[in-house]
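Peer 1: Got a structure for you, questions after.
Every number here is computed from the coordinates shown, using simple stated rules; none is lab data. If you're wondering where the values come from, they're calculated on a predicted model, not measured in any experiment. Note: ideal-geometry Cβ built from the backbone for every residue, glycine included; neighbour counts use all protein chains shown.
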Amino acid sequence: MAVRLVDGGWWEELEAARDGDASVVRIASPFIKLGAVEGLLSEASLSLRILTRFNLDHFRDGVSDTSALRRLVELGAQVRGVQRLHAKLHLFDANHAVITSANMTEGGLRKNHELGVIAEGGALPRRCGAYFDELWKKSAPDLAVRDWTSGRSGSRLS
C-alpha cells in the first residue's frame, strides 16, 4: 500500500488516476461545476457514480451547477443526492482512493489551497469504497434529466 500526502495539483492527480487502468469511478463531492466535469470526465469512457448535494440554494449561489449534473447524466453517470454531504472522495476501481478537501470544481482542483491523501492498494481504498457504498445505499434515487425538465412540481433538485 502506498499513501501520499498531497497539497496541490489535484487536477493533474485526478487526470492521472482517470487515465490509469480505472474503468469504474465513484465521486463524492458536495459541489460540482461544469468546468470540472467537462475537463475531467466528458472524454473518458468510464462507469460513473456521483454523490452530491441537491440544494437549490447552492445552485442559486453558483457553488454548484445544474448544467454539471445534466452533463453527468448525459454521459451515463448515475447521480444521487445526499443530505449534509461534506466528504470529497474520488475512487478509481477498488484500489485507488483520493481523499481531498477539494470539491469537484475548478477552484477546488486548480486554485484553492487544498490538502488530502492518495492511497493506492491496501485496506484504505477498500474502506473508502465501503464508505461510499453505504452513502450510496442511503441516497436519493438516481437523477434523470427529465426530473427538472418535465415541469413537474416537487423536483428532486430541491
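Peer 1: What order do you get for 96, 86, 58, 113 when you list them from fewest to most C-beta neighbours inside 10 Å?
Peer 2: 113, 86, 58, 96
Peer 1: Still on this model: Using the alpha-carbon centroid of each, what span in Å lies between the range 1-60 and the range 74-122?
Peer 2: 5 Å
Peer 1: Among the DSSP beta bridges whose two residues both lie in the chain, what percent are antiparallel, rounded to the nearest 5?
Peer 2: Beta bridges within the chain, antiparallel portion: roughly 65 percent.
Peer 1: Which lysines does residue 138 reach when only Cα atoms under 24 Å apart count, and residues fewer than 8 places away in its own chain are ignored?
Peer 2: Within reach: 33, 88.
Peer 1: As a check on your grasp of the helix formula, calculate [θ] at 222 nm for the chain: sum -39500 (n - 2.57) over DSSP H runs of n ≥ 4, divide by the residue count, round to the nearest 500.
Peer 2: -9000 deg cm²/dmol
Peer 1: Related question: Note the full-extension length gain between residue 138 and residue 56 as 0.36 nm times their separation in residues minus their Cα-Cα distance, in nm to one decimal.
Peer 2: 27.5 nm
Peer 1: Convex hull volume of the Cα atoms in the chain, per residue, in Å³?
Peer 2: 98 Å³
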